[in-house]
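Read the figures in this text as sums done on the coordinates, not as results from a lab. This is a predicted model, so every value here is computed, not measured.
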Amino acid sequence: MSYCAAIETMQPVEKKSLHKNYHDKHYGFPIHDDNELFGRLILEINQAGLSWETILKKEQSFIKAYSNFNIKKVAAYTENDRERLLADAGIIRNKLKINAAIENAKAILALQKEYGSFEKWLKHHHPKTKEEWVKLFKQTFRFTGGEIVNEFLMSIGYLPGAHAETCPIYKKNPTAETYVDKTINCKAKRFFDTKYAHKVVIFSGTSTIVLANCWQKTTKGRHWRPFVFFLLPLLDLNQRPSD
C-alpha cells in the first residue's frame, strides 16, 4: 500500500493528522533553503531502522537540538556537542547518525563554496537515476545508503514516487513531470549518443516502459526507428510504507 493510501486508513486521528500534514504540505515538494535541505537529510538519516512516525513526532526536538538545522553551526560542533546530543532523549541517540550530521554539515559547506549552495549542487547533478544518486551521495556524505538517498530525493522532488497518480497532492507537485522529461531526454541521448532523441510515449504500470523514436544512423542511411531503451519505475517506487 502506498503512503498516500495508507494515511487514509490510519488511526487514531492524531496519527493520521501527523502524517497527513507532512504528506499534504511537504512530501515531494521542492525545498530551496539549504538549511531546510540539510534538516530533511538529517531526518531521513535518523529514520533508518525506525518508523517515519517516530521521526515526525521528534521533529521539533531535532530542530532544537541541531541549532535549527543551521549548517554552519552544526559543522562547528565540538565533542561537547556530540555528548549533548547523545544525552538528548528528544532525538535519536545514535553515535553514527550524530557524527553523520556533523560531518555532512561540513561536506555541505564545501559544496556551497564550490557550487554556491547545496540546492545548486543538486541541480547541477540533476537528473540522475536512483543508482547514480546513491553512488554520488556515498562519495559525498556519511550514512547515506540507498533507501535514505531515495527517500530524501523523493521527499524534495528529485526522484519520482512520492505520490501515487491517484493522489490529489500529485497534481500539486510541480517537479514530477519535469523530472520524467529531463531523465528521459538525458538517458536517450546518453544511450544512443545522439542529440536527435525526441518525445516519448509512457505506458503507466508498476514499471513504466518508455519508448523513444530516435534518429538512428545505419548502413542504409538515417531513418526513424522505435526503441524500448529503459524501464523507469514511476508508480509505487519504494514508497514509504505505512507505520
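Data for the structure
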read-out: Three-way shape call for region 59-123 based on the alpha-carbon gyration tensor, with the a/c threshold at 1.5; value: prolate
read-out: Whole-Å distance, taken between Cα centres, linking region 37-88 and region 1-19; value: 24 Å
read-out: Entries in Lys20/Lys138; Lys73/Lys123; Lys135/Lys172; Lys25/Lys113; Lys15/Lys171 that, when Cα-Cα distance is taken, lie over 26 Å; value: Lys20/Lys138; Lys135/Lys172; Lys25/Lys113
read-out: Table column - 3J(HN,Hα) (Hz), region 55-62, Karplus curve with 6.51, -1.76, 1.60, x for Gly and Pro; value: 5, 4, 5, 9, 4, 5, 5, 4
